[in-house]
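The values are calculated or read from the model by the stated rules, or taken from the named source; none is laboratory data. Everything numeric in this text was worked out from a predicted model, so none of it was measured. Note that each Cβ is placed from the backbone with ideal geometry, even for glycine, and that neighbours are counted across all protein chains shown.
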């Protein structure tokens with residue numbers, strides 16, 4: 001019984017280790033796509049993601065209302 005348990009646990013660990021540390025495992029996927037995702041986030045923070053409407057850049061303008069003074 002102990003031998004079977006050890007063999008099953010070893011096989012299970014081998015398969016799960018292959019899933020996590022293999023070429024298509026989550027560790028490798030995050031390692032290869034992390035820099036690309038970081039560059040995408042940095043670009044979106046730098047230039048804004050949706051600051052264009054129909055090909056024309058949206059310009060920043062001051063709001064028409066006064067600054068809040070704490071009164072309702």
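Take the conditions (1) at pLDDT 80 or above; (2) assigned to a loop (DSSP other than H, G, I, E, B); residue 62 misses just one of them, which is (1).
Every residue, every condition in (1) surrounded by 11 or more Cβ atoms within 10 Å (Cβ to Cβ); (2) out of contact with any helix residue (DSSP H, G or I) (no Cβ under 9 Å at 6 or more places or on another chain); (3) at pLDDT 80 or above, yes or no:
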| residue | (1), (2), (3) |
| --- | --- |
| 4 | no, yes, yes |
| 13 | no, yes, yes |
| 18 | yes, yes, no |
| 40 | yes, yes, yes |
| 45 | no, yes, no |
